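A short worksheet on the structure shown next.
Derivation of every value follows stated rules applied to the coordinates shown; laboratory data play no part. Note that the coordinates shown come from a computational prediction; the quantities given were computed from them, not determined experimentally. A quick note on method: Cβ atoms are made from the backbone with ideal geometry, for glycine too, and the neighbour counts reach across all protein chains shown.
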Amino acid sequence: MHTNLIILAGGASSRMKKQTDAKNLTEEEVEQANKRSKGLIGVGPEGRPLLDYLLYNAKEAGYKNVYIIISENGSLFQEFYGNKKKNNDFHGLNISFAVQYIPKERVKPFGTADALFQAVEQYPELNSEFYTVCNSDNLYSTEALHALRTTKSPNAFISYDRDSLEFPSERISRFAIAILDNENHLIDIIEKPEPNTVSKSKDAEGKVRVSMNAFKFQGDVLYQYLKDCPVHPERDEKELPTVLLNVVKEYPKDVKGIPFAEHVPDLTAKEDIVAVKEYLKKHFVNLDWGLAVNAVLKHN
């Protein structure tokens, strides 16, 4: 088991900043969506951000050391979670920050694989340990995070049943699908799958599986793959799914899909803000960090 969680929060949030016709957003919510990193949009009581809830679930799952990858302009994260670069105490979690710097020849970040590579360069101790990686704008459950922390597979990802995700069907149809063998080892990831491809891509349980960017990695194995990650030919970014597939080519049984069937609240666009707020009202009465401590003892 490991206790390291790396949270990707340095992206440009370009889809969140797009104009919307949604009528049920306040002026403040629109302003935050246009100016803040997605994980910092105030969706909870008293304007607390979505990231609070992810950190709460992470603590319940037994994580202790949290590394938040922020942009060069990400100082607002430090206002919420600690003004030191390293070792901030946030309700018993040890929070540190890594910065994803943008190359001079680019105007936006170089992708998720680049973000993770810069983080492990800034915190090289991670290259001799295991760690979990996830997005800052998704709310992964305590159970999913705990499964990544405790799996015996050296590299893994949460393999979600596509039918359990409570998104519009048109949106789900664009998700890349994961192809697994009968023992749930990753074989391939298919982007923008055609309907006939989807129907042929079910796993041993008859489910179509997708990734929501929740991974467990073996640091000493992953480092070179991060460093050598090629640029995606269409999106012009270095991406973690590319890294994962390159690992599979050399270690075909070392990446396991952990099956889960549950919704993952997501803040991609302004239209998601209301849905996430409703989810939090339904599933979180409040964040009792003392109860999170008791949950850690249960999960250990």
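Figures for the structure shown
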| read-out | value |
| --- | --- |
| Viscosity 0.890 mPa s, 25 °C: Kirkwood-radius Stokes-Einstein D of the stretch 54-208 over Cα pairs, µm²/s | 137 µm²/s |
| Structure-based [θ]222 nm, the chain - -39500 (n - 2.57) summed over DSSP H runs of at least 4, per residue, nearest 500 | -9500 deg cm²/dmol |
| Percent of beta bridges antiparallel (DSSP, the chain, rounded to nearest 5) | 50 percent |
| GNM result for the chain, Cα springs below 10 Å: residue of Y81, Y131, Y251 fluctuating most strongly | Y251 |
| Built amide H within the under 5 Å cut-off of I258, gap 5+ | F157, I158, S159 |
| Net charge over other residues, Cβ less than 14 angstrom from the Cβ of Y140 (K, R count +1; D, E count -1) | -3 |
| Rule-of-thumb Rg ratio for the stretch 225-293 [Cα; 2.2 N^0.38 Å; N residues] | 1.68 |
| Leading residue at positive end of dipole, the chain (Cβ point charges), from A269, N57, G82 | G82 |
| The stretch 139-224, relative contact order [Cα under 8 Å, separation at least 6], % | 36 percent |
| Within the stretch 24-79: Cβ-based charge dipole about Cα centre, in debye rounded to nearest 20 (Lys, Arg +1; Asp, Glu -1) | 300 debye |
| Calculated over the chain: convex hull of Cα atoms, volume per residue (Å³) | 137 Å³ |
| Selected from S96, S128, S136 as most flexible by GNM, with the chain as the system and alpha-carbon contacts under 10 Å | S128 |
| Distance histogram in 5 Å bins (all Cα pairs of the stretch 75-135, percent per bin) | 4, 15, 22, 24, 21, 11, 3, 1 |
| Residue exposure sequence - Y63, Y225, Y160 - by fewest surrounding Cβ within 10 Å | Y225, Y63, Y160 |
